[in-house]
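In what follows, a structure is listed as structure tokens, so that the remarks can point back to it.
Only the coordinates and a few stated rules stand behind these numbers; no lab work does. Predicted model only: the values in this text are computed from it and were never measured. As a convention, Cβ positions derive from the backbone with ideal geometry for all residues, glycine included, and neighbour counts pool all protein chains shown.
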Amino acid sequence: MKLYIADKTSSEAVQVVINELGLPVELVHYDVKDRSTSTGENFAAVNPLFYVPVLALENATLDQLTEATVITAYLADQHPEAGLAPAPGTLERVKFDQLQTFIVTEIAQRHVPLMRKLMNEEGVAWMKAKIVAGYAILDERLASQPFIAGDGFSIADAFTWATMWSERSGVDISHLKNLLAWKARMDERPSVRKALADEAAVAAAHKAQLAA
């Protein structure tokens, strides 16, 4: 497999899941500013919408998957023995997908206009309040369970961790102690530490190429 990543994006969620599963993968760094890749590939041919992650499969049709939650769900379903998501077709999976969609739409994506400074003062205040409200729901869940979806690590933990952009978007979540304690535990998880180290290495190599 080949995974296209960029610095501090939701692609880290896919890296974490791949690491949890112990799967081999080639990482390709995408520079969002000049739209170059560490392998010299034309990223427009990989994803015409110019965003990561993209997981290139080595199947007969050479499929390329996008959207972090979709990719991580695919990987979880390919390796059900790891228990990273409930079984497809079950009510438990429906509830899990509901939680995942909530995290994407009510939290993760709301950071983007704030990070890009696309809103007026009133809009910023409204958006920050929505993000805090979303995180507060996760904080409440984490008061009685160690992980986002229950007692075990799941792909929901990987995605939530990879999109905790509150510092970059200027959202204050310092009062959400359960959420911050969970993040501290996640930061020490071997799959997370490896994801950060691997991302830093391939990004540094790519930037050295661009500077040469």
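Among the chymotrypsin sites (Phe, Trp or Tyr not before Pro) within the stretch 27-115, those in coil by DSSP and having at most 13 neighbouring Cβ atoms inside 10 Å are 50.
Label sites at residue 209 and residue 79, each approximated as a point 7 angstrom past Cα along Cα to Cβ, lie 2.6 nm apart. A Cβ-based charge dipole, computed about the Cα centre of the stretch 91-188 with Lys and Arg at +1 and Asp and Glu at -1, lands at about 200 debye. Sites listed here are trypsin sites (Lys or Arg not before Pro) in the stretch 98-130 whose DSSP assignment is loop and whose Cβ has at most 11 other Cβ atoms within 10 Å: 116, 117.
The distance linking the stretch 35-70 with the stretch 5-20 is 14 Å (Cα centroid to Cα centroid, whole angstrom).
GNM remark for the chain: springs join alpha carbons under 10 Å apart, and the peak mean-square fluctuation among 84, 27, 57 falls on 57. Here the chain yields Rg over Rh of 0.96, to two decimals, using C-alpha coordinates and the Kirkwood radius.
With 25 Å as the limit on Cα-Cα distance, the pairs of 8/183; 8/33; 33/117 all stay inside it. Each Cα pair under 8 Å and six or more residues apart adds its separation to the average, and for the stretch 91-188 the resulting relative contact order is 32 percent. Run the reach check for residue 207 against aspartates and glutamates, Cα to Cα strictly under 20 Å, same-chain hits fewer than 8 apart removed. What comes back? Answer for residue 207, where 20 Å is the Cα cut-off: 7, 12, 26, 31, 34, 41, 198, 199, listed by chain and number.
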